[in-house]
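No value in this document is a laboratory result; all are computed from the given coordinates. Treat the numbers as computed from the prediction; the structure is a model and nothing was measured. Reconstructed Cβ throughout: ideal geometry from the backbone, glycine too, with neighbour counts over all protein chains shown.
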Amino acid sequence: MTTARTAPEPRDYSSASVPRHLARGALGLALIAGPLALVPSLGPLVLLAAPLSLLAFRGCPTCWAVGLAQTISRGRLKRSCEDGVCRLTRAE
């Protein structure tokens, strides 16, 4: 019995626009750096705000970076898979 192999569904971490994606990144960075900078003056309780950065980044900072690349390349690149071989080409 043989089964046909299909390409996995690509994950989409992109945003609607580059400025929106950069704003999410700035918010995520502020939610990481801000609590760390404020610990000496406000105490360790302020670190509870740091996990909110995961919401802004939609995961980890690496996920945000992948999403930035996807947002920039949206509409410019085309992925096609045939016979188990996937290719990335420029869209017309």
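Worth a mention:
- Put a dot 7 Å past the Cα of K78, heading toward its Cβ, do the same for A50, and the two dots end up 4.6 nm apart.
- Database remark: amide H of L77 closer than 5 angstrom to the amide H of A91 (H placed geometrically; neighbours at sequence offset of 5 or more, or on other chains; Pro and chain starts carry no H).
- As a calculated quantity, the FRET efficiency between L22 and L42 at R0 = 35 Å, using C-beta atoms, amounts to about 0.80.
- Among G43, A23, P61 the positive-end extreme of the charge dipole of the chain (Cβ point charges): A23
- Between the helical axis of 61-73 and the longest alpha-carbon principal axis of the chain there is an angle of about 50 degrees.
- Computed from the C-alpha gyration tensor, the three semi-axes of the ellipsoid equivalent to the stretch 18-90 are 37, 12, 7 Å, from longest to shortest.
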